[in-house]
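The values are calculated or read from the model by the stated rules, or taken from the named source; none is laboratory data. Since the model is a prediction, treat every value here as computed from it, not as a measurement. Cβ coordinates were reconstructed from backbone atoms using ideal geometry, including for glycine residues, and neighbour counts include every protein chain displayed.
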Amino acid sequence: MKASCLSYTVSLLWLACSVVSQTEAADWPQFRGPGGLGVSGEKNLPVTWSDTDKMMWRTALPGYGASSPIVLGHRIYVTCYSGYGAETNSEKMEELLLHVVCINRNDGQILWNRTIPPKLPESERVRDHGYAGPTPTTDGEFIYIFFGRTGLFKFDLNGEQVWHADVGSQTHGWGCGTSPVLYKNTVIVNASVESGSLVSVNKVTGREVWRAPGMDSSWNTPHLVQLPGNRQELVVSVRNYILGFNPNTGEELWRCAGIQDYVCPSMISYQGIVYAIGGRQSRAIAVRAGGEGDVTETHRLWEAKAGANVSSPVIHAGHMYWVSDRNQVAYCVRLRDGEVIYSERFPSQPYASALAGENKIYIVTRYDGTYVLKAEPEFIQIAHNVLSDDSTFNASPAISNSQLFLRSDRFLYCIGTGG
């Protein structure tokens, strides 16, 4: 047992060193931050704020979108769309433009704004979140952006396009919402909408490395789970199954009975166990990774009647927290056995995923500001922060250097006291 614990500790240290080596410690390099877990270890995070209190800057964006900002050093990167769609004045799809925007984190000034013409025709009506849903990712030297059927892009830090990869041409009325993740020398994207596949692309050349089918009704970002022996598996939640893949080859390693519905929330993991929520029937499932074949009877640890349709959960101190966008209920579930510790009515609907930092849970709602809860197995609201911006907040927040970055359909906000 001691040897096993030591091996696992070494694995965690290896993962931490790997992440830090690619980006600065305070960077927020991908959807939901380091490891895609939605967790920050920083201190002195803002708790209360307003249009005037702790507002470092507010920058008008050149377009709308639900993608989250990422932070690399003194720069912030975010995607947008303009010219057609929700809240725009144009009824001509030919006027749709996709944007990649770089912003100076010190003062909020836009450093560059690159436009990409979309691959038409796009879906005529994208429900709720528009044409810029996936969050970019960075390896510290380049930015990787996914725009659905328009493709996967690599840009340098000066905004010059390096390559473009096509991962499929299908569309859906709900649009594309999965963000790219980096693994070794590859970029991996869940192209469920575009081709029903999980696709790995060489991040240097843009050429396809492997493609795995079976991404049925899946809008969640793939997650890399760390296992002992410096080994990682790639997990994705799809209709009816939770799937584990070899990220080097795309080989399916295992599958477990999962959410019997389309799945939007992204998976998270802790100590080799992966957690999936989702579906209109509200379910949460825990599965130990590292199996082989059908592991439903051998590796599924528990199932709870608690879930969400869009928003993803976060883990803190032995519990999993989130607020459901479907029934507007705040959940706390105990990791060891799946017991629902609390399920409390929540006053507003989030699409953004939960964020944990400094013993607090941040919940960004679509129309009613940001709620701050205690990260404890008792429902306690600490703060409710509302801005004058009446546009939609669908993007998950980012944290860097003790500052909180919020994105709406109109603005990007930097909230804090320094940085």
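Of the residues A284, A257, the single one that is under 23 Å from T296 (Cβ atoms), among the hydrophobic types (A, V, I, L, M, F, W, C) and surrounded by fewer than 17 Cβ atoms within 10 Å (Cβ to Cβ) is A257.
Quick check, is S343 part of a strand (DSSP E or B) and more than 23 Å from Y241 (Cα to Cα)? The answer is yes for S343. Answer yes or no as to whether N89 is more than 22 Å from the chain's Cα centre (by Cα) and at pLDDT 95 or above. When the stated conditions are applied, N89 does not pass them. Does I415 satisfy the condition of being modelled with pLDDT of 95 or more, β-branched (V, I, T) and over 24 Å from R326 (Cα atoms)? Taking the combined requirement at face value, the residue satisfies it. Across the range 229-275, the qualifying residues are those that are of a type in the set (G, A, S) and in contact with a helix residue (DSSP H, G or I) (Cβ under 7 Å, 6 or more places away or on another chain), and the one among them that is modelled with the highest pLDDT is S266.
Kindly indicate whether any position in the range 122-129 is among the aliphatic types (A, V, I, L, M), at pLDDT 90 or above and out of contact with any helix residue (DSSP H, G or I) (no Cβ under 6 Å at 6 or more places or on another chain). No - not one qualifying residue is present in the range 122-129.
Contact annotation: residue pairs with Cβ atoms under 6 Å, 6 or more positions apart or on different chains, pairing a residue in the range 183-194 that is among the small types (G, A, S) with a partner that is part of a strand (DSSP E or B) and buried (at least 24 other Cβ atoms within 10 Å of the Cβ), are A191/V199; S192/S218.
Scanning the range 371-393 for residues that are of a type outside the set (V, I, T) and touching a Ser or Thr at 6+ places or on another chain (Cβ under 8 Å) turns up Y371, A383, H384, N385, L387, D389, S391, F393. Contact map, the range 212-230: residues that are over 22 Å from V201 (Cβ atoms) paired with residues that are crowded, with 17+ Cβ neighbours inside 10 Å and among the polar types (S, T, N, Q), Cβ distance under 8 Å, separation 6+ or inter-chain. Pairs shown: S217/S192; Q226/S11; Q226/Q232; Q226/S269; L227/S11; P228/S11; G229/S11; N230/S11. Taking the range 144-172 as the range and being in contact (Cβ under 8 Å) with a residue 60 or more places away in the chain and part of a strand (DSSP E or B) as the test, only I145 passes.
Of the residues making up the range 230-284, those that are farther than 22 Å from R334 by Cα and of a type in the set (K, R) number 3. You will find that of V209, V193, the residue that is β-branched (V, I, T) and assigned to a helix (DSSP H, G or I) is V193 and no other. Of the strands (runs of 3 or more DSSP E) lying entirely inside the range 47-126, none contains at least 3 residues that are within 23 Å of D368 (Cα to Cα) and free of Cβ contacts under 8 Å to residues at least 24 places away in the same chain.
Where strands (runs of 3 or more DSSP E) fall entirely within the range 245-323, those with at least 1 residues that are free of Cβ contacts under 8 Å to residues at least 60 places away in the same chain and among the basic types (K, R) are at 252-257, 283-288, 300-304.
Can you pull out every residue in the range 347-364 that is surrounded by fewer than 24 Cβ atoms within 10 Å (Cβ to Cβ) and either of a type in the set (S, T, Y) or in a loop (DSSP other than H, G, I, E, B) (or both)? Residues satisfying the conditions are P347, S348, Q349, Y351, E358, N359.
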